[in-house]
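J.: First the structure, which I've put down as structure tokens, then a few questions once you've had a look.
The values are calculated or read from the model by the stated rules, or taken from the named source; none is laboratory data. As the structure is a prediction and not an experimental result, all values here were calculated from the model. Glycine gets a Cβ as well: all are built from the backbone with ideal geometry, and neighbour counts include every protein chain shown. These accessible areas exclude ligands, DNA and RNA; they are computed on the full protein's heavy atoms, side chains included. Shrake-Rupley method; radii C 1.70, N 1.55, O 1.52, S 1.80 Å.
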Amino acid sequence: MPRFLIDKLLPWLSIRSKLIIAFVGLSIIPLLLVGLHSIFSNVNMMEKIALENLTHDVHTIREHTANFLSSIESDLHVLRHSSLLERFITVLERTSSDQNKSLLQQLQSEILAFARTKEIYYQIRIVDSDGDELIRIEALDVTDTGTTFRVVRANELRHGCESFYFLLIDRLTRDQITFATSELVDKPNRRIPVMSFAIPLIGSKDRVGILIANVFAKNLFRAIEAKRHLEVQGKVVLVNSDGHYLYHSEKKKDWNRLLASREEDNLQHDYPVSTVNAILSGNEGTLAEGVDEIVSYGPLFSTTSSGKVTPGFAMPFFVFESVPKGFVLGPVRSFALTFSSFLGVFLIVAIGLGLLATRQFTKPIAELHHGAEIISKGNYGHRLHVETHDEIEKLAGQFNAMASSLESHEKEIQQHRTKLEEMVRKRTYELNEEKTKLQAILDHVPSAIVLLDKDFQIRSASAAFSTITGRRFEDVKGKDCRAVFFKGGFCRECVCRRAMASRKIESHIDQTCDDKSGERFVEHIAIPMNENGDLDSILEIITDVTERKRFEKNLVQTERLAAAGEMSAIIAHEFRNSLTSIKMILQLHNESENLNRSERKSLDVALNSIEQMENIVAELLNFARPKPMEFQVKSLNNIIVESLVFAQPQISKQNIAVKKMLDSELPPFLIDESHMKEAIMNVLINAAHAVNNDGRKLNRSEIQVLTKRECLRKTLRDFGMTDSKRMDDSNLYGAEIVLRKGTDCAVVEINDNGCGIERQTLSRIFDPFFTTKTNGTGLGLPMVKRTVNAHGGIVAVSSTLGKGTTVKFYLPLDHET
């Protein structure tokens, strides 16, 4: 292609010049294209990475800020709804605060105790409806956070100076909170930047005052200054709706100084109008065009559909993080400069080598041209004498050989023709034999091989066709494959039509179910067959891959369980030793007579936590080193009744009705009573939690427990969690359990009308350590499955979101231990 372009564009150049141009072009152009592609790809990739990291940082800042404000909101609600403050509000409606000094002192003590448990508040105040301060709890240390507090004396309280807060809560209703940034001045005239939170105190008829909490502003700054992805040369900025900086990581962090210099240090001064409008729009987004920085922005607080800031905060703020493009793209620019230098050097070297190389063969080529003209005129005795010791010399030798072979060429062609005809006859016979052998091989292949024409009609099939599909070839020959395979769900997607459309090999695995063998997986592979460039037929290979899919699933589960068991044993062992030491030290410390009431209460909380951790460790050890099964002939109904008695305290306190339907005709059989009782209790407690957590329930919460004797109507398969004969050996996993159609089983069925389980969660409920509970270990259901599998049984779980969940134990009555 390069030589063709050179000949068209520069026909007057010599062969040497053309070769030099082609040589240099082939050397430089690929390198240039690769280099440019690398530069542009790196630019796009680094911008994308920077945008992703910035967006993540902004989301992190918003999340930390939301958590910070939520904690303050929770604190104010706790104070607002305390019994003392409720009584105080009731008294304020009837009399003045001066007549209730005892109640006022109790309330001061309660707020003081509350403030000492926190370190973020500067002041907590209560103001009556006239603007007079009734209570002020104030931090003594105002440098950063409050560690010690005092109750301000009555003669220091302010009177009639709180119009700012009444304007702030003017439109708030009961339990709504608002806040604003402000600066307070203490006695030494120190300016203290704070966030002032206010909640109206509303009695039975009207507002009687305000609860005010002034929080150190630097606590918000700490939330904003959380660890980020791009800490080097990046900046984080907090602005209000007017574009004034409230926090700037590269400039000033003091709230008062930033407010004082708002005319010089603001968003409009530092960024173009389009960027300012985007940041203050209230939407999340990123910017990389029109500015020298890469910017990710968003509102500090999320907004509702009506545009109100949540949770009741009236003042909007916006946060953005940026990083200079030069910092992000600096390595790319350095690479581009190095690449340009390298390209120039490479060009000079390529031209020099081209000159040397072309000189070595342009002269021999001229001699070859002259000799070819002589030979073409019939002078076969002419010989070329070229000594270049390379391909040109070999070419001259070929010219000489050509002259000597022309005379005998026709005779040799005739001899070859005769020989080829004989070879064709022999090969045809061999092909017929190979075809017979191939057909025999195909008939013994376990996969069904089907040939379809371009209209998708079945033309031929191997012997395995009938075995896999259940249909005779004679009954389906000439029929459309869709009409044959789509009935009964044998084929849910036509891979042959996909292969015909894409002209590539297509494959698909269908999941079916029949009464004989239960669940099946059938793999369809469609191979388009080309003849003379036209696609005229499709070769479909149908394979029953049920066993392969089952063992693949079992292999994954086996590896997961082995790792979980080993990890549980190690963690439980190490934690148990450490917990024992900690518990002994705490118990000894608790026996000391020098402890005050608060310290003893803290020790009791710590000991209770240690006991909870010991229970978790015991559960881990029970999962990693389960006790051996001890099978005895027991009544399943009695075990269920005893399990309900043990689980009743947790069920009854949640007002859940339990309905029992136990089959009295169910015979006793071999059961490990303790393990089975534990498994049933696990399922009952899970059902109780599911019913209790369903906030949409209008009817009475209910759990149904029933037993029955059932002869299976279809085959059930599962891979057991452990070998039932050696349950104490944690290295044995994955024995397949098959309950064939007709097996006599005892069935335990536990239903609830709770919230149900999502489909993606349902497939993972038996995975160790997988749980959706905040305080769960994720070991309950795996241990349930282990117990049922050890009895030769299978656990089946079905669930409908919003309606409830059903758990069934299928336990064979003739299980042998």
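J.: Can you give me the number of residues within segment 194-224 that are open to solvent by 10 Å² or more (accessible area, probe 1.4 Å) and of a type in the set (S, T, N, Q)?
T.: 2
J.: Here's a follow-up. When you check GLU421 against the structure, is it farther than 30 Å from HIS524 by Cβ, open to solvent by 90 Å² or more (accessible area, probe 1.4 Å), at pLDDT 70 or above and part of a helix (DSSP H, G or I), yes or no?
T.: yes
J.: Can I ask one more? Quick one: in segment 637-668, of everything that is of a type in the set (Val, Ile, Thr) and without any contact (Cβ under 8 Å) to a residue 40 or more places away in the chain, which residue is surrounded by the most Cβ atoms within 10 Å (Cβ to Cβ)?
T.: Per the stated criteria, the residue is VAL641.
J.: Moving on to the next point. For VAL276, state whether it is in contact with a strand residue (DSSP E or B) (Cβ under 6 Å, 6 or more places away or on another chain), surrounded by 17 or more Cβ atoms within 10 Å (Cβ to Cβ) and either in a loop (DSSP other than H, G, I, E, B) or modelled with pLDDT of 80 or more (or both).
T.: Judged against the criteria, VAL276 is not a match.
J.: Which residue is least open to solvent (accessible area, probe 1.4 Å), if the candidates are limited to segment 669-695 and must be out of contact with any strand residue (DSSP E or B) (no Cβ under 8 Å at 6 or more places or on another chain) and part of a loop (DSSP other than H, G, I, E, B)?
T.: Looking at the filtered set, the residue picked out is ASP694.
J.: If you don't mind, another one. In segment 23-41, is there at least one residue being open to solvent by less than 40 Å² (accessible area, probe 1.4 Å) and either modelled with pLDDT of 85 or more or among the acidic types (Asp, Glu) (or both)?
T.: no
J.: Can you give me the number of residues within segment 179-193 that are buried (at least 21 other Cβ atoms within 10 Å of the Cβ) and under 16 Å from LEU76 (Cα atoms)?
T.: Initial filter on segment 179-193 (buried (at least 21 other Cβ atoms within 10 Å of the Cβ)): 179, 193.
From the residues that got through so far, the ones that are under 16 Å from LEU76 (Cα atoms) too are 179.
Qualifying residue count for the region: 1.
J.: Within segment 122-167, count every residue that is open to solvent by 50 Å² or more (accessible area, probe 1.4 Å), more than 15 Å from GLN105 (Cα to Cα) and not polar (S, T, N, Q).
T.: Going through segment 122-167 one residue at a time, the tally reaches 9.
J.: Please verify whether GLU119 is acidic (Asp, Glu), touching a strand residue (DSSP E or B) at 6+ places or on another chain (Cβ under 7 Å), at pLDDT below 85 and open to solvent by 50 Å² or more (accessible area, probe 1.4 Å), treating the condition exactly as stated.
T.: no
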